[in-house]
Each structure stands twice: as structure tokens, then as C-alpha cells.
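The values are calculated or read from the model by the stated rules, or taken from the named source; none is laboratory data. Nothing here was measured: the structure is a model prediction, and the numbers come from that model. So basically every Cβ, Gly included, is an ideal-geometry build from the backbone, and we count neighbours across all protein chains shown.
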Amino acid sequence: MTIMNKSGAAPASILPRGQRGSVLMLSVIMLMALTLLAISAIKMGMINLRAVNNLQTREEAVAAADSALSSVLSTSLTTATGEPVAAQTLTVSGVDVQVAQPCIRTTASIANNELPQVFPTYVAECQSGKAVSEQATFCRCLSKSEYRANDTSVSNCYRMTWEVVATVQNNWFGANVSVTQGVTTNVSSSGYYTVISKALNFCS
């Protein structure tokens, strides 16, 4: 049923003025709530994007650091005069990697009866002209003229464990990655004492 006013025209609204104000206020509140939800969704999307970028950057940094460490560890960790190689910066796939100077983690003497574990190819007797290549290295380490399985005396070689740290820092995304890798080398007693006398940077 249509309600007519005195002039015979239908009113603009049959709601009281106070109710019309409440509807307007409710509409404004809902609009503000939707706006806040939209802003929150945008911010959450930006945070997720940055997290994904950080994760990708970190993975690329770790890969670059691993590659740099492999390159460094594939060469000698000491110079011709016995000092550890200096710190260096390597560029891997456009990423700068700071490789610290190698430090010595541990050192240990090698017993004569442990040498076959270090040099699987060996000879029982180290006589002149009988040993070649790896066998010759075995014989240089052996402190006796003949290998004996129960000989626990110290050989002429030492085992040294080195530690190298590679660091990648990306200032844009704030990613800072450090990768540490160790490697064990076997050196002669003369080489051992040369390195020990010049390597002042033992790992802390």
C-alpha cells in the first residue's frame, strides 16, 4: 500500500529522519572497514613479496658462497712461502662473495700405522726407486724404512683441518649469508712447522 502525503505525492522515504542518519553512518563505517581490509591485503601482499624475494636472494647467496668456497678449496690454502692465502672477493654469477683468510681449526700428528688410511696405495718397504707417485708420498711420511701395522710412532706427516668462511651481503633486501666449510690436508713435518710458524690466524 502506498502512503500519500496531504498533497497526494508519495514521500521520499517512509523512514524517520533519525533512522536515515543511522543508515548513512552504518554505510560509512562499512566503507571504512572495507578500505582498511583492502589496505591490509595490499600490505600483506607486499610483505609476502618481500619474504619471497628475501628467500630467493638467500638461496642465490648460499649458492654463490658454496661456489666460491669450492673454488678456493680446490687450490692450495697456503702460499709458496707457507702463509695462508689472503682474504679475497670473488664474483659468482654477479654476486660478490667475501672469502675470509683460511684459519686452522685443528692439527694432529699422524702415526705410522695410520698412513695406509691416508694413502691407500702404499708399499711395505720404502726402498729407493720402488715407490712412485702416491707411494712416494707415503714413503716420505713414513718415519721408518719399513711399514709395520703395529707401529704407533709419529710419522713425518701431520693432519691439518682448515676452515674457510664465505659471506654474501645484499643491502637491498637485507640478506646476510655466511657459509663455513672445512677441509683436511696432510702435510709433511717441514711443511707443518712452516705453516704453524706463519699462520697466526687460528680459528677462534
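Points worth noting:
- Residue selected from the stretch 90-101 under the condition touching a helix residue (DSSP H, G or I) at 6+ places or on another chain (Cβ under 8 Å) and not polar (S, T, N, Q), by the criterion nearest to Asn156 (Cα to Cα): Val99
- Flag if Ala33 is part of a helix (DSSP H, G or I) and either surrounded by 14 or more Cβ atoms within 10 Å (Cβ to Cβ) or at positive phi (or both): no
- Any hit, the stretch 58-75, residues being in a loop (DSSP other than H, G, I, E, B) and touching a residue at least 24 places away in the same chain (Cβ under 8 Å): no
- Options Ala124, Ala136: the member that is modelled with pLDDT under 80, in contact with an Asp or Glu (Cβ under 7 Å, 6 or more places away or on another chain) and of a type outside the set (Lys, Arg): Ala124
- No other residue among Val177, Val165, Val195 is at pLDDT 80 or above, in contact with a helix residue (DSSP H, G or I) (Cβ under 7 Å, 6 or more places away or on another chain) and within 30 Å of Val92 (Cβ to Cβ) apart from Val177.
- Entry remark, the stretch 39-57: residues being basic (Lys, Arg) and either within 24 Å of the chain's Cα centre (by Cα) or not in a helix (DSSP H, G or I) (or both) number 1 in total.
- Count of the stretch 180-204 residues which are in a helix (DSSP H, G or I), touching a Phe, Trp or Tyr at 6+ places or on another chain (Cβ under 7 Å) and in contact (Cβ under 8 Å) with a residue 40 or more places away in the chain: 1
- Yes/no for Asn48 being modelled with pLDDT of 75 or more, out of contact with any Gly (no Cβ under 7 Å at 6 or more places or on another chain) and polar (S, T, N, Q): yes
- None of Gly82, Gly94 is exposed (fewer than 11 other Cβ atoms within 10 Å of the Cβ), at pLDDT below 90 and not aliphatic (A, V, I, L, M) except Gly94.
- Candidate set: the stretch 76-109, residues that are in a strand (DSSP E or B) and hydroxyl-bearing (Ser, Thr, Tyr); chosen: the one farthest from Ser189 (Cα to Cα): Thr91
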